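All remarks here apply to the structure that follows.
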Amino acid sequence: MATETPFTHIDPDTGIAIPEVDVPSQKLPPGEWLRKNLFNNWYNSLITVLLTIGVAYVSWRVLRFVFVTAKWEPVRENLTLINIGTYPRDEQWRVVAQVLIWSGAAGLGIGAAVAGAKFRALQAGMEYVVDPALAKVKRYSGLLLLGLVFLGFTKTFGPLILTVVSLAVAYALYWVASRVAGHNVGLLWAGVAALMVFGFQIVSGFFGMGWLWMGVPIAAAVYSVIGRNETIEPRRLRLIQIGAALGVLVVLFVVYLVVDSVGVEWDEWEGFHLNLLAAAIAIALSFPLGLLLALGRRSSFPALRIMSTTYIEIIRGVPLISLLLMAQFFIGFFLDTRTPLSLFTRATAAMTLFTAAYVAEIVRGGLQAVPKGQTEAGNSVGMAPWSVTRLIVLPQALRAVIPAMVGQFISLFKDTSLLLIIGKIEILGAREIIHGQEAYRGFGIAETLVFAAFAFWAVSFTMSRESQRLERKLGVGER
Amino acid sequence: MTSNENNNAQAFADATQIAGTGELMIELEGVDKFFGDFQALKDIDMRVGKQEVIVVIGPSGSGKSTMIRCINRLEKHDRGRITVDGIELSDDIRNIQEIRKETGMVFQQFNLFPHLTVMDNITLGPRQVRNLPKKEAEDLAMDLLKRVQIPEQARKFPGQLSGGQQQRVAIARSLAMNPKVMLFDEPTSALDPEMIKEVLDVMKELAQSGMTMIVVTHEMGFAREVADRVVFMADGEIVEVGTPEHFFMSPTEDRTKLFLSQIL
Ligand SMILES: Nc1ncnc2c1ncn2[C@@H]1O[C@H](COP(=O)(O)OP(=O)(O)O)[C@@H](O)[C@H]1O
Ligand SMILES: [Mg+2]
């Protein structure tokens with residue numbers, strides 16, 4: 001009966017066939033390899049020799065700088081300043097708690113991904129392949145290096161203890177999550193979302209819209225648990241789900257009225273912490289906004305289409321820095337000058353609006369890449385246009401554009417350094433405070449800059465590695 | 001099917017006289033379709049009876065796909081009327097969806113959803129459109145997978161299946177909507193020769209079960225064996241209609257004769 005066709009490799013997450021990537025290459029002995037690739041004729045030999053000398057010289061200078069001549073005291077003495085700027089020191093526990101909570105979220109998330117992949121592999125009758133440990137170390141080498149350098153600079157045991165405890169928390173949650181039954185993975189993801197938001201909540205305090213922030217992931221979890229019922233009609237089920245989700249929001253609203261409402265203003269977030277938070281929020285918000293814009297641009301309603309297109313083209317035509325400056329000064333022209341929004345909020349909004357336009361164009365490219373036959377197949381079973389987009393076209397489109405999207409987010413993360421220009425003390429601003437100190441005026445300027453650049457690099461490099469992995473996993477460009 | 005050849009040739013002098021149970025299922029009246037200035041369908045008149053199997057043949061570019069794609073509004077016809085099971089196709093999206101619910105379509109390129117398992121490919125329509133609970137939809141899908149003989153592939157992804165298996169999943173996906181009509185657009189043209197039979201067998205079984213079908217195909221064996229009527233199209237027109245016997249033994253039109261001489 002059914003015979004299996006030979007296929008190279010199928011990703012259990014996506015079902016997309018991936019031609020075997022690492023075809024074993026002919027390994028040459030080192031001497032042979034050198035001769036064949038680097039010394040195969042006179043000018044290649046010359047280039048090889050010159051480049052070797054050049055690389056050796058630069059490496060020597062860099063290593064000598066890092067390990068011999070560099071004066072790292074300004075960094076070493078100001079680690080807290082670099083990390084959180086002038087964030088109120090009494091409230092520092094919030095940052096510590098946030099680190100712990102987010103470590104937990106990361107562990108839970110990785111565990112959820114593993115549990116999901118195992119489950120899908122099992123269902124599709126395939127073997128679940130574990131990543132070799134070395135590959136993981138390589139993938140996270142940027143963050144590992146940053147962590148080691150940081151710990152090397154610390155003088156108390158606090159950071160070391162925090163690191164160990166965070167890793168332990170992450171591992172424990174990973175261990176539990178990766179053993180959860182596959183069909184419960186959705187709940188784990190809701191847990192990840194709740195923890196992430198909880199981390200934000202801790203660092204800013206429980207006031208304002210906190211109930212909504214916390215409520216959304218929890219409501220989503222409740223919604224999905226109820227949605228698991230397999231015997232109620234979908235339409236009735238959806239009503240029950242929505243009712244329960246709203247109920248959760250109401251309950252949380254009441255709870256938040258009661259619990260402590262002391263907090264830290266968002267404008268007090270500073271240092272590298274600020275770069276990370278601003279990027280995280282702008283990424284989380286620009287994605288859905290960009291998605292809507294992309295759909296708007298393809299919509300059959302002319303008004304929506306024109307509005308989306310105009311927005312995208314205007315935003316893509318202006319530099320981010322001009323938007324940030326507008327967010328700083330200009331908003332007063334549109335709103336009230338005594339605007340209640342914090343500078344942080346306005347700046348993050350500017351970055352979100354900016355990035356959303358690029359995300360929209362990236363997503364639009366993905367939408368165009370989905371074959372027309374997919375929409376027709378959805379239409380031909382009588383599905384409503386929005387269901388076809390949501391359940392058939394979008395999932396395929398988004399998978400195809402993950403690498404481009406991550407690239408945009410990396411760029412956004414690095415652009416958070418522009419917050420310096422509107423007077424926010426992000427990591428480069430913290431550097432200016434350092435060099436304002438008596439002891440370090442005009443001293444170690446290159447060193448603090450190198451350290452800041454290294455911190456940006458470590459995070460960006462990890463994001464980029466992660467996206468490469470996704471790219472390979474999803475077989476993008478190989479379909 | 002009646003046996004008298006002369007009767008048949010006369011009975012089907014045009015495409016509006018139906019076989020099957022005698023009740024009308026699909027009706028096309030004076031349908032025109034333009035792509036820009038190019039007229040792809042020219043005044044098409046056709047009626048299909050309940051439980052009837054129509055095979056449409058004709059040279060490439062003659063408008064076969066366009067015609068059946070107009071029936072479920074994947075293409076919008078420019079003039080004329082199309083009626084399916086008493087519902088006339090109009091611009092109203094609800095109306096279009098009503099007709100699409102009753103009309104399954106199987107494509108040359110299968111068009112399975114690559115990001116969903118076989119099971120989810122089949123249950124998506126019933127759950128979204130027919131509002132079936134998950135459990136019920138999955139039971140239904142399993143029954144259909146048994147019917148197309150691949151129940152063991154339920155949890156796999158389309159990319160893991162052979163072409164023949166994929167096309168059978170596509171048929172199951174259409175059947176899951178419990179359609180009254182099935183449209184096939186060259187369902188075996190993208191398949192390797194050794195897989196054509198398994199798909200045709202499923203289609204034959206479907207025809208025997210009393211499904212109303214319009215099949216665009218180049219499989220003359222299938223036409224001979226299963227069709228109640230064969231419709232020959234060329235240049236956007238219906239040139240000749242007849243029973244398979246009439247069609248393959250004594251075609252009357254020159255264009256039909258020429259086409260048959262080329263492919264047989
Ligand atoms: N979307 C389209 N745009 C322009 N021309 C089209 C389109 N679809 C089909 N055609 C033209 O209409 C004619 C009929 O096409 P089609 O119905 O696909 O033929 P068949 O299925 O018989 O091979 C062809 O000449 C084809 O080029
Ligand atoms: Mg065709």
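The values are calculated or read from the model by the stated rules, or taken from the named source; none is laboratory data. All values derive from a computational prediction rather than experimental measurement. Cβ sites come from the backbone with ideal geometry, for glycine too, and all protein chains shown count toward neighbours. Surface areas here come from the heavy atoms of the whole protein model, side chains and all, with no ligands, DNA or RNA. Shrake-Rupley method; radii C 1.70, N 1.55, O 1.52, S 1.80 Å.
Structure above, values below:
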| quantity | calculated |
| --- | --- |
| Selection within segment A:129-138 - assigned to a loop (DSSP other than H, G, I, E, B) and open to solvent by 70 Å² or more (accessible area, probe 1.4 Å) | A:Val129, A:Val130, A:Pro132 |
| Pair list, Cβ < 6 Å and 6+ apart or interchain, from segment B:231-247 residues that are over 11 Å from B:Ile57 (Cα atoms) and more than 11 Å from ligand 1 (Cβ to nearest atom) to residues that are assigned to a helix (DSSP H, G or I) and among the polar types (S, T, N, Q) | B:Thr243/B:Asn8; B:His246/B:Asn8 |
| Residues (basic (Lys, Arg) and within 7 Å of chain A (Cβ to nearest Cβ)) located in segment B:125-138 | B:Arg127, B:Lys134, B:Lys135 |
| Segment A:392-447, residues that are closer than 30 Å to A:Glu73 by Cβ and of a type in the set (Val, Ile, Thr) | A:Thr416, A:Ile421, A:Ile422, A:Ile425, A:Ile427, A:Ile433, A:Ile434, A:Ile445 |
| Selection count where residues are of a type in the set (Asp, Glu) and open to solvent by less than 60 Å² (accessible area, probe 1.4 Å), scope segment A:78-112 | 1 |
| Neighbours by Cβ (under 6 Å, 6+ apart or cross-chain): first from segment A:361-376, facing another protein chain (nearest Cβ under 10 Å); second outside any helix (DSSP H, G or I) and of a type in the set (S, T, N, Q) | A:Gly373/B:Gln109; A:Gly373/B:Asn111 |
| Subset tally (residues that are open to solvent by 20 Å² or more (accessible area, probe 1.4 Å), away from ligand 2 (no atom under 15 Å from the Cβ) and among the aliphatic types (A, V, I, L, M)) for segment B:57-91 | 1 |
| Given (1) away from every other protein chain (no Cβ under 14 Å); (2) touching a His at 6+ places or on another chain (Cβ under 9 Å); (3) not aromatic (Phe, Trp, Tyr), number of the condition A:Arg228 does not satisfy | (1) |
| Filtered residues of segment A:226-261 (kept if in a helix (DSSP H, G or I), aliphatic (A, V, I, L, M) and open to solvent by less than 70 Å² (accessible area, probe 1.4 Å)) | A:Ile226, A:Leu237, A:Ala244, A:Ala245, A:Val248, A:Leu249, A:Leu252, A:Val255 |
| Count - residues of segment B:91-147 that are within 28 Å of B:Glu75 (Cα to Cα) and either of a type in the set (Asp, Glu) or within 16 Å of ligand 1 (Cβ to nearest atom) (or both) | 11 |
| Residues being hydrophobic (A, V, I, L, M, F, W, C) and within 16 Å of ligand 2 (Cβ to nearest atom) - total across segment B:14-43 | 4 |
| Subset of segment B:103-121 that is open to solvent by less than 30 Å² (accessible area, probe 1.4 Å) and outside any loop (DSSP other than H, G, I, E, B) - its residue that is farthest from ligand 2 (Cβ to nearest atom) | B:Met119 |
| Scan of segment B:53-90 for residues that are more than 10 Å from ligand 1 (Cβ to nearest atom), charged (D, E, K, R) and outside any strand (DSSP E or B), ordered by number | B:Arg73, B:Lys76, B:Asp78, B:Asp85 |
| Residues of segment B:149-197 that turn out to be surrounded by fewer than 23 Cβ atoms within 10 Å (Cβ to Cβ) and within 16 Å of ligand 1 (Cβ to nearest atom), as a count | 4 |
| Residue that is farthest from B:Met211 (Cα to Cα) [pool: residues in segment B:151-173 that are assigned to a loop (DSSP other than H, G, I, E, B) and in contact with a Leu (Cβ under 8 Å, 6 or more places away or on another chain)] | B:Phe157 |
| Among the residues listed as A:Glu426, A:Glu466, the single one being touching a residue at least 60 places away in the same chain (Cβ under 8 Å) and open to solvent by less than 10 Å² (accessible area, probe 1.4 Å) | A:Glu426 |
| Residue match in segment B:180-201 (condition: away from ligand 2 (no atom under 16 Å from the Cβ), outside any loop (DSSP other than H, G, I, E, B), of a type in the set (Val, Ile, Thr) and within 14 Å of another protein chain (Cβ to nearest Cβ)) | yes |
| Residue satisfying all of: in segment B:213-245; open to solvent by 10 Å² or more (accessible area, probe 1.4 Å), assigned to a helix (DSSP H, G or I) and of a type outside the set (A, V, I, L, M); modelled with the lowest pLDDT among these | B:Glu245 |
| Any hit, segment B:108-119, residues being touching a Ser or Thr at 6+ places or on another chain (Cβ under 8 Å), at pLDDT 95 or above and more than 7 Å from chain A (Cβ to nearest Cβ) | yes |
| Qualifying residue in segment A:229-241 (condition: over 22 Å from A:Thr86 (Cβ atoms) and touching a residue at least 12 places away in the same chain (Cβ under 8 Å)) | yes |
| Conditions (1) more than 9 Å from ligand 1 (Cβ to nearest atom); (2) among the charged types (D, E, K, R); (3) farther than 25 Å from B:Glu205 by Cβ; number of the one not met by B:Lys50 | (3) |
| In segment B:139-156, residue modelled with the highest pLDDT [restricted to those that are touching a helix residue (DSSP H, G or I) at 6+ places or on another chain (Cβ under 6 Å) and at the interface with chain A (Cβ under 8 Å from one of its Cβ atoms)] | B:Ile150 |
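Rundown of residues vs (1) assigned to a helix (DSSP H, G or I); (2) buried (at least 20 other Cβ atoms within 10 Å of the Cβ), yes/no style:
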residue	(1), (2)
A:Leu418	yes, yes
A:Ile421	yes, no
A:His435	yes, no
A:Gly442	no, no
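The rows are residues; the columns are (1) of a type outside the set (D, E, K, R); (2) within 18 Å of B:Asn111 (Cα to Cα); (3) within 16 Å of ligand 2 (Cβ to nearest atom).
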{"position": "B:Gly163", "(1), (2), (3)": "yes, yes, no"}
{"position": "B:Gln167", "(1), (2), (3)": "yes, yes, yes"}
{"position": "B:Ser174", "(1), (2), (3)": "yes, yes, no"}
{"position": "B:Asn178", "(1), (2), (3)": "yes, no, no"}
{"position": "B:Leu206", "(1), (2), (3)": "yes, no, no"}
{"position": "B:Glu219", "(1), (2), (3)": "no, no, yes"}
